[in-house]
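One structure is given below, encoded as structure tokens.
The values are calculated or read from the model by the stated rules, or taken from the named source; none is laboratory data. All values derive from a computational prediction rather than experimental measurement. Cβ atoms come from the backbone with ideal geometry, glycine included; neighbour counts cover every protein chain shown. All accessible areas refer to the heavy atoms of the entire protein, side chains included, with ligands and DNA or RNA removed. Shrake-Rupley method; radii C 1.70, N 1.55, O 1.52, S 1.80 Å.
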Amino acid sequence: MGLDYDYRIYIKRERLNGALQFIYEHSEKERASFEIINNQLYKIDRYANGEISKTLLENLGINQRVDTCILVEEDHTIIEYYLYDLAQNYTPDSADESDFIDYYKGADGKWWIGNVEIYINDYSSRIEDCIEIQFWAVTSDMSRLFAKSKSIDKYFKEFCRATEADYGCVYMEHSGYRLIWAKGKEYNLTVPILWNSFEEYGFVKVIGDILKL
């Protein structure tokens, strides 16, 4: 079994449209599987022959999934991530190798990370009027990058600030949760999972009780 880390951001339902707009505006748009048109969420399918189809996702995609490539600033862990990928299939005589790293650079010198799967979940059974947005790393290597990259951490803190999120964390399976945001304030607080009730009652409720938030 590989690693399956994900960032989890908790926002008010009324802020979902703005949250999706933020994600789209900070994505490599040609690799995004969604688009916002007139405050409606459309899923985009791209085909090998160049054709594109768009499907309306009802209710702004709640309890559905889209994916994208997020754009983040450069840091050494991101360069190492792509150098590792390059090194696995390196052929010195290939004309393509010199362009490999540049391929992952987007606008303004930022790098795109993806694909990242985005799950939009109704969380109102635990917190009234709350939406949970999960950003899933799709490989174990990307999971490690999620846990280590300061630029990715900065991206999600900026996302929390822009959407006035209630909480934000990264879930790292047996290593626990790392709280990155709560009630308008940045955190870097790792909470190991040592008891089942922590998962049963939900990270947000438990960490809120512990920190008196």
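Where only protein heavy atoms count, and the probe is 1.4 Å, what is the accessible area per residue for segment 47-155 in Å²?
About 56 Å² of surface per residue is accessible.
Which net charge results when you count Lys and Arg as +1 and Asp and Glu as -1 among the other residues whose beta-carbon is under 12 Å from that of T139?
Its environment carries a net charge of -3.
Estimate the FRET efficiency between E186 and I79 by the formula 1/(1 + (r/R0)^6), using the beta-carbon distance for r and 22 Å for R0, to the nearest 0.05. Let's see the in-between values first.
Details: r = 25 Å, r/R0 = 1.12.
Efficiency computed from Cβ-Cβ geometry: 0.35.
What are the aspartates and glutamates whose alpha-carbon lies under 16 Å from the alpha-carbon of K43, with same-chain residues fewer than 8 places away excluded?
Of all the aspartates and glutamates, those that pass the test against K43 - Cα under 16 Å, at least 8 places apart if same chain - are E25, E28, E30, E35, E51, E58, D67, E117.
For N39 paired with R15, estimate the spin-label separation in nm (one decimal), with each label point 7 Å from Cα along the Cα-to-Cβ line.
It works out to 1.8 nm between the two label points.
Taking 35 Å as R0, compute the FRET efficiency from the Cβ-Cβ separation of I101 and I193 and round it to 0.05. Intermediate values should be presented prior to the final figure.
Values: r = 37 Å, r/R0 = 1.04.
It comes to 0.45.
Quick one: longest stretch of the chain between exposed loop GluC sites (Glu not before Pro), exposed meaning at most 15 other C-beta atoms within 10 Å and loop per DSSP?
In the chain, the maximal stretch lacking such sites is 75-127.
Is the shape of segment 123-213 rounded, prolate or oblate, going by the alpha carbon gyration tensor and its root eigenvalues a ≥ b ≥ c, with a/c under 1.5 for rounded and a/b larger than b/c for prolate?
In terms of gyration-tensor shape, oblate.
Sort V206, V72 by heavy-atom solvent-accessible area, probe 1.4 angstrom, most to least. Mind dumping the intermediate values first?
Values: V206 25, V72 0 Å².
Largest accessible area first, the list is V206, V72.
Could I get the Rg over Rh figure for segment 12-140? Both from C-alpha atoms, Rh via Kirkwood, rounded to two places.
1.04
Between the helical axis of 150-163 and the dominant principal axis of the chain, each derived from Cα atoms, what acute angle in degrees is found, rounded to the nearest 10?
Around 50 degrees separate the two axes.
Give me the angle, in degrees from 0 to 90, between the Cα long axis of helix 16-25 and the longest principal axis of the Cα atoms of the chain, rounded to the nearest 10.
Tilt relative to the chain: about 20 degrees.
Computed FRET efficiency, Cβ-Cβ of T55 and S140, R0 22 Å: what is it to the nearest 0.05?
With a Förster radius of 22 Å, E is 0.10.
Which of the residue pairs K154/K185; K110/K148; K12/K185; K105/K157; K54/K183 have a Cα-Cα distance greater than 25 Å in the structure shown?
Long pairs (Cα-Cα over 25 Å): K54/K183.
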